[in-house]
Every structure is written in structure tokens, then in C-alpha cells.
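This report concerns only the one structure given below.
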Amino acid sequence: MKFFIDTANLDQIREAQDLGVLDGVTTNPSLMAKEGIAGEQNILDHYVKICNIVDGDVSAEVISTDYEGIIREGEKLASLHKNIVVKVPMIKDGIKAIKYFSNKGIRTNCTLVFSPGQALLAAKAGATYVSPFIGRLDDHSTDGVELIRQIVDTYNYYEFPTQVLAASIRHSMHIIKCMEVGADVVTCPLSAIMGLFKHPLTDIGLQQFLNDYKKLNG
Ligand code: G3P
């Protein structure tokens, strides 16, 4: 299972990268805005900074919603760095654009996916990744992890190469549940990644080992 961080914050990306377990980064326009990154050139420069920190796929999202605009933007983003994956919304023109990018060898991440039917369209269009948003489904009293399971099972059945990238992860338990149902990738906030370290028995056990060592060795 690949491990991405879901942020545009360079310090957090560096911190996750330093752990040695990071495989990539996902961003979206809200995450870029949260970092105060505005203006086309600043946004493009920021993606390059991210690519220079992490040697793995970096999803950069288009903001156009029409076919020509998505193509224009996506080609520009893809030309920034070999690791850029063009993130395209699950809309009619988005699916057409994903098909175009797929034919041209430009990798894509189909985002804002909330149903198996949308995931089917993304796979048929040749998306590299599909991003179902599990936290936002949970917010609406719908089981987000169950959607991941459905998509993983059906993609496996039909042997679609599109990778299931579980997004909108809110906490460590989401990561564990996605692992159990076979997600190819999880993209997580740093807090959810750090939460995986925690277990009180680890802390108690370590303290015991250190105390016992000290008793004899000073
Ligand atoms: O990048 C998309 C996604 O992970 C958004 O997460 O927490 O805003 O629902 P969230």
C-alpha cells in the first residue's frame, strides 16, 4: 500500500518525507489556499518545490471545468516535473480529458469520487488513480470505507489497472480500515500518519527496557 500525504504544507511534507515511508503527495485547491499560495506562477512554483522534496507522485489539481481548459492546464502541470499527476474532477468534461491524457501518456488522478459508478467511469477513461473521499462520505452517514471495498473488488474482478487512492482520510483508523480492504494508496494528513506510531504498551515496554538496562549499566 502506497502512503501519500494530503497537504501543500512544505514543512509537513518534509517531516513525512524524513520518516522514510512516504510515497507521494496529493494537493487540492483548498489545501493550496490554506498555505496562502495564490497566482498561477506561485502555484506552479509550489508544485515544483513539492516535487523537489518527495521522490514520488505529486497530484496537482486543475481548476478548469471545461474540456479545453482542463487539457490546457493539465498539459502545463504535467510539463512541470516527471512526477506530476494531473488531478481532474469527476465531471463529464473531466472524464473526456482523462481519456485524452491517458492516450497521451499523461498520468491522472480522478478526484471527488463518491460512488462505484463514478469509479467505473474513471477506470474506463484510463485514470491512473481514482480518489474516493471516505471522510466526506462518513460525514453524510455513509460508510466511506465500504465504497473503497466495492471499488477495490470490482477493479480486481475486471482487472482495471486504475489504482484506488483513498482520500479524505481523517484519522489513523481510516488508514487501517483502508489497508484491510486493499486500497492501493492512502493519502493522509500528517496527524493520521503520526497516529499510527502510538500505542501505550510500546511506551510502557520501552520505558521498562531502558530502566532494566540502567539498573545494571548505570
Ligand atoms: O485531497 C482530497 C481530500 O483528501 C480532501 O479531504 O478532509 O477535505 O475531506 P477532506
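The values are calculated or read from the model by the stated rules, or taken from the named source; none is laboratory data. It should be emphasised that the depicted structure is a prediction, and the values quoted were computed from it without experimental measurement. Here the Cβ is made from the backbone with ideal geometry for all residues, glycine too, and neighbour counts use every protein chain on show. To get the accessible areas, we keep the full protein, side chains included, count just its heavy atoms, and leave off ligands, DNA and RNA. Shrake-Rupley method; radii C 1.70, N 1.55, O 1.52, S 1.80 Å.
Take the residue pairs LYS87/LYS124; LYS96/LYS177; LYS34/LYS104 and return only those whose Cα atoms are more than 23 Å apart. Going by Cα-Cα distance, LYS96/LYS177; LYS34/LYS104 fall outside the 23 Å limit. For region 202-211, putting each phi into the Karplus relation 6.51 cos²θ - 1.76 cosθ + 1.60 with θ = phi - 60° gives couplings of 5, 5, 5, x, 5, 4, 4, 4, 5, 5 Hz, in residue order, rounded to whole numbers and with x for Gly and Pro. With the helix formula -39500 (n - 2.57) applied to DSSP H stretches of n ≥ 4, the chain reaches a computed 222 nm mean residue ellipticity of -16500 deg cm²/dmol.
The amide H of THR7, built 1.01 Å from its N in the peptide plane, has THR26 as neighbours under 5 Å, considering only residues 5 or more places off or on other chains. Remark on region 51-102: hydrodynamic radius 11.1 angstrom, per the Kirkwood mean of 1/r across alpha carbon pairs. Pairwise Cα distances in region 40-173 exceed 21 Å for 42 percent of all pairs. Taking a straight line from the alpha carbon of LYS215, these aspartates and glutamates sit under 19 Å away, with near neighbours fewer than eight places off in the same chain left out: ASP203. The mean accessible area for residues of region 79-218, using a 1.4 Å probe and ignoring ligands and nucleic acids, is 54 Å² per residue. Simple spin-label estimate for HIS171 and LYS104 gives 4.3 nm between the two label positions (7 Å along the Cα-to-Cβ direction from each Cα).
Take the Cα of LYS76, step 7 Å toward its Cβ, do the same at GLN41, and the gap between the two points is 1.2 nm.
Working note: Karplus 6.51/-1.76/1.60 with θ = phi - 60° gives region 155-166 the couplings 4, 5, 4, 8, 6, 6, x, 4, 8, 8, 10, 6 Hz, where Gly and Pro are set to x. Counting charges near HIS81 (Lys, Arg +1; Asp, Glu -1) among other residues having Cβ under 11 Å from its Cβ returns a value of 0. Report, to the nearest whole %, how much of the accessible area of the chain belongs to carbon and sulfur atoms, 1.4 Å probe, protein only. Exposed carbon and sulfur together represent 54 percent of the surface.
Springs join every pair of Cα atoms under 10 Å in this Gaussian network model of the chain, and among LEU120, LEU201, LEU137 the largest mean-square fluctuation is at LEU201. For region 157-218, the share of alpha carbon pairs falling in successive 5 Å distance bins from zero is 4, 15, 17, 14, 11, 10, 8, 7, 7, 4, 2, 1, 0 percent.
For region 1-93, the fraction of C-alpha pairs more than 22 angstrom apart is 24%. Each Lys and Arg contributes +1 and each Asp and Glu -1, all at the Cβ; summed about the Cα centre of region 167-218, the dipole is approximately 180 debye. Think of the chain as a dipole: +1 on every Lys or Arg Cβ, -1 on every Asp or Glu Cβ, centred on the Cα centre; then among ILE204, SER59, SER191, SER59 lies furthest on the positive end.
Sequentially through region 12-22, phi angles give Karplus couplings (6.51, -1.76, 1.60; θ = phi - 60°) of 5, 5, 4, 4, 5, 4, 4, 5, x, 10, 8 Hz, Gly and Pro residues having no value and appearing as x. For region 1-53, the spread of Cα positions along the three principal axes, ordered from largest to smallest, is 33, 19, 16 Å.
Excluding LEU121 itself, calculate the net charge of residues whose Cβ lies under 13 Å from the Cβ of LEU121, where each Lys or Arg counts +1 and each Asp or Glu counts -1.
With Lys, Arg at +1 and Asp, Glu at -1, the net is +3.
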